[in-house]
There are 4 protein chains.
Amino acid sequence: MPKVSDEHLEMRRDQILESARACFARKGFHQSSMQDVIKESGLSAGAIYRYFKSKDDIIAALAARTAGSLDRLLEEITAQEPMPPLEEILGQYAAAVVDNAGPDGAIRLAPHAWSAALASPELLDGARQPMAGLRAHLVRLAERMQVEGLLAADADPHAVGATLLCFLPGFVIQYLLLGDIDARTIRSGLHALLAPDAT
Amino acid sequence: MPKVSDEHLEMRRDQILESARACFARKGFHQSSMQDVIKESGLSAGAIYRYFKSKDDIIAALAARTAGSLDRLLEEITAQEPMPPLEEILGQYAAAVVDNAGPDGAIRLAPHAWSAALASPELLDGARQPMAGLRAHLVRLAERMQVEGLLAADADPHAVGATLLCFLPGFVIQYLLLGDIDARTIRSGLHALLAPDAT
Amino acid sequence: MPKVSDEHLEMRRDQILESARACFARKGFHQSSMQDVIKESGLSAGAIYRYFKSKDDIIAALAARTAGSLDRLLEEITAQEPMPPLEEILGQYAAAVVDNAGPDGAIRLAPHAWSAALASPELLDGARQPMAGLRAHLVRLAERMQVEGLLAADADPHAVGATLLCFLPGFVIQYLLLGDIDARTIRSGLHALLAPDAT
Amino acid sequence: MPKVSDEHLEMRRDQILESARACFARKGFHQSSMQDVIKESGLSAGAIYRYFKSKDDIIAALAARTAGSLDRLLEEITAQEPMPPLEEILGQYAAAVVDNAGPDGAIRLAPHAWSAALASPELLDGARQPMAGLRAHLVRLAERMQVEGLLAADADPHAVGATLLCFLPGFVIQYLLLGDIDARTIRSGLHALLAPDAT
DNA sequence: CATGAATGAGGCTTCATTCAT
DNA sequence: GATGAATGAAGCCTCATTCAT
């Protein structure tokens, strides 16, 4: 029963992670008790602990999985051919954020994950790597822009990538806290900022 | 110690808030126990609770105070005359973030505060108002830019302000997690992005 | 220990209430810490709180249960056929009080419950109802006495019932504080008082 | 300054005891914090502790004082010449209870004092003596009744006194908890009970 | 003498985790 | 494998009491 067992195991882990995500997205890691996660999952306490060593283990697994999907998302967006204008790229990202910011949405995990990572060295790496990965995509994007002549040849692609990266967590925070902006806001704001100076 | 001046009282509150800030900045709100704050402050449990009703009360007071100082900072930066270029404005902000991101630095509170606000309706307002205040400054900045012809006359200042606001929390998150950027990175990245397209 | 019978659950509640009763009877509600109750019960803190929401919850459950048993007792005593003389009825009640006034006895709860009820509106109703119930029995008794010609036809059964009710808490207090009286004292005292005037 | 000082001291003690009585009567001994007593008294914490060694000391002093006044009251009532009928004597006592059962009334202390006495050996004696004293008055009353031929010559005055004593705390408890009775209820109930059997 | 800020032990309760069934 | 009752350390907070001013 190896194959079946493995599949089964993976499904159980998924089920647990989904429940945990919903809880954590709603109330954060510390406000959600394991009891909450257990109830949401429909499993028993013992069952949960058969699949995950501890609450921190669940958090780490969740962070990894979420980071992975964010990474894929940004990769898709930045790799489009032909390269869309910058405002379109960040606009698509903003739209994806908005789409995933429902009450249980995965995006709501992000601020809790950043906070947790800054509070505990064990989680820090888990949060750095996806952030570094996102930046790598944006640095690559800057390089493409240089190649296509959309960016000065002497610009530092790393600096440009890092600067663009600010938008990503920044939009998440602003959107989740204030909620009165959307992808169009970003597109229009960026369009105005990036346009050749008004004359 | 009998009747004591109002100053003294205010100083005690400060002392407690400073200790709490150090603890919370290091480990977040939930990982820091009141015992930690108490030890850090050098006072006793009872003394703390003479000045603050609860741990949440301390958190709220701290959030308010920190928000206030961030607001003043951005106001100073955006109100400079003559208006510095955008890259300079955001660069100065980034520099201030870096300056306040030491191990106990006030800036390290921000991600914890955002996370906490998203986890508890009671704290939400406390985090929204400063964020909205920061945006107001940036919207005003956009209006000034329009007046000075640095921004298209038909641009929406609100959209531009919201877009710029993404930089602020975004830089905080990126800097605290990755740490390998600084104000120069932002200045140079923005300079490249805002320059008339390379030709 | 997985799923367990409802009986078991009820037994656990009983076990906890019994332990609490012993503690509270000995030292009152406030002098008994939850630690005391926990130690007495042989369970852990967490186990107690699986069955009761709070210390107050335990107190309320205990009060309800004790009130119920007092009520049943007085009902049995007053409903006897043929109706015993008054001195016998109150004498039996006094005997029951004495029987239940051992170091951990249920009767020792009563003064603490009265005190607690007078100190907190939440508990007040819980103490009033049993007292009103006891009086109802005694009012009924007075009515029976009228029917049987043992009480003047124009007597107010409510007043007689209320007057008789004084004996009950009064004996409890006197017995617990002084301890040098018993059922015989009451029987003999009442016999002398109720007898036709000496001539 | 000996005399003045002594008077002053006694006045301060009175002031403190009055405040404590009000607090304790309202909320019981344990629900009233020293802070409550301090605020009510208008003095400072330090001042209170100059006049009383501890909270328990205040409670004991208060119990003694209250007991004394109850004793005097019952003495007056039972010593009247010519001896009023029993229903009148207990009726007067009931009236006095009602008079002193206002929100801060001294009578409201009694149940708390009984509860406290049963919970702590140190306070027990303080509550027994007044109760024993009250009984002594009632035993003497029974003896007078015998002398006047109102009680069978072979009745045991001690048993009669103890039986009558039940009325006193019993009325206090019933009145404070239910509140729907008064001196008239007692007079009328006793009148009916003590009257020669209806015929 | 008076003040009231400070103390710190101890109270109630929660919750991540285990393990007997 | 699954269950969920049980554990117990640790968290937040209160409050009788003290003592520097």
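The values are calculated or read from the model by the stated rules, or taken from the named source; none is laboratory data. Just so we're clear, the structure is a prediction, and the values are computed from it rather than from any experiment. As a convention, Cβ positions derive from the backbone with ideal geometry for all residues, glycine included, and neighbour counts pool all protein chains shown.
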Determine which single condition B:P111 fails, assuming it passes every other condition in (1) over 23 Å from A:A113 (Cβ atoms); (2) in contact with a Ser or Thr (Cβ under 7 Å, 6 or more places away or on another chain). (1)
Select from region C:159-179 the residues that are facing another protein chain (nearest Cβ under 8 Å), free of Cβ contacts under 8 Å to residues at least 12 places away in the same chain and not polar (S, T, N, Q) and list them in ascending order. C:A159, C:C166, C:G170, C:L177, C:L178
If we ask which residues in region A:18-48 are more than 10 Å from DNA strand F (Cβ to nearest atom), of a type outside the set (A, V, I, L, M, F, W, C) and either touching a residue at least 40 places away in the same chain (Cβ under 8 Å) or not in a helix (DSSP H, G or I) (or both), their number turns out to be 5
The condition from (1) crowded, with 19+ Cβ neighbours inside 10 Å; (2) among the hydrophobic types (A, V, I, L, M, F, W, C); (3) away from DNA strand E (no atom under 15 Å from the Cβ); (4) away from every other protein chain (no Cβ under 14 Å) that B:L17 misses is numbered (3)
Checked region D:161-191 for anything in a helix (DSSP H, G or I), among the β-branched types (V, I, T) and farther than 16 Å from D:T78 by Cβ; matches are D:V172, D:I173, D:T185
Residues to consider are D:L62, D:L124, D:L70, D:L151; find the one that is without any contact (Cβ under 8 Å) to a residue 24 or more places away in the chain and within 19 Å of D:F24 (Cβ to Cβ). D:L124
Quick check on region A:167-199: of everything there that is surrounded by fewer than 22 Cβ atoms within 10 Å (Cβ to Cβ) and among the hydroxyl-bearing types (S, T, Y), which residue is modelled with the lowest pLDDT? A:T199
Filtered residue count, region C:127-153, keeping only those that are part of a helix (DSSP H, G or I), among the small types (G, A, S) and more than 18 Å from the chain's Cα centre (by Cα): 1
Pick from region D:122-151 the residues that are at the interface with another protein chain (Cβ under 7 Å from one of its Cβ atoms) and touching a Pro at 6+ places or on another chain (Cβ under 9 Å): which of them is nearest to D:S69 (Cα to Cα)? D:M131
Looking across region B:49-72 at residues that are surrounded by 18 or more Cβ atoms within 10 Å (Cβ to Cβ) and under 30 Å from B:E148 (Cα atoms), the single one that is farthest from DNA strand E (Cβ to nearest atom) is B:L70
Tell me, which residue of region B:113-126 that is surrounded by fewer than 19 Cβ atoms within 10 Å (Cβ to Cβ) and assigned to a helix (DSSP H, G or I) is modelled with the lowest pLDDT? B:E122
Scan region A:49-59 and tell me whether some residue there is within 16 Å of DNA strand F (Cβ to nearest atom), of a type in the set (G, A, S) and at pLDDT 95 or above. yes
Only one of C:G91, C:G105 is surrounded by 15 or more Cβ atoms within 10 Å (Cβ to Cβ) and within 11 Å of chain D (Cβ to nearest Cβ), namely C:G91
Testing A:A110 on (1) within 10 Å of chain B (Cβ to nearest Cβ); (2) without any contact (Cβ under 8 Å) to a residue 60 or more places away in the chain; (3) part of a helix (DSSP H, G or I), one condition comes back false. Which one is that? (2)
Would it be correct to say that D:D156 is without any contact (Cβ under 8 Å) to a residue 24 or more places away in the chain, over 17 Å from the mean Cα position of the chain (by Cα) and closer than 28 Å to C:R135 by Cβ? no
Looking only at region C:20-39, count every residue that is away from DNA strand E (no atom under 12 Å from the Cβ) and away from every other protein chain (no Cβ under 13 Å) and tell me the total. 2
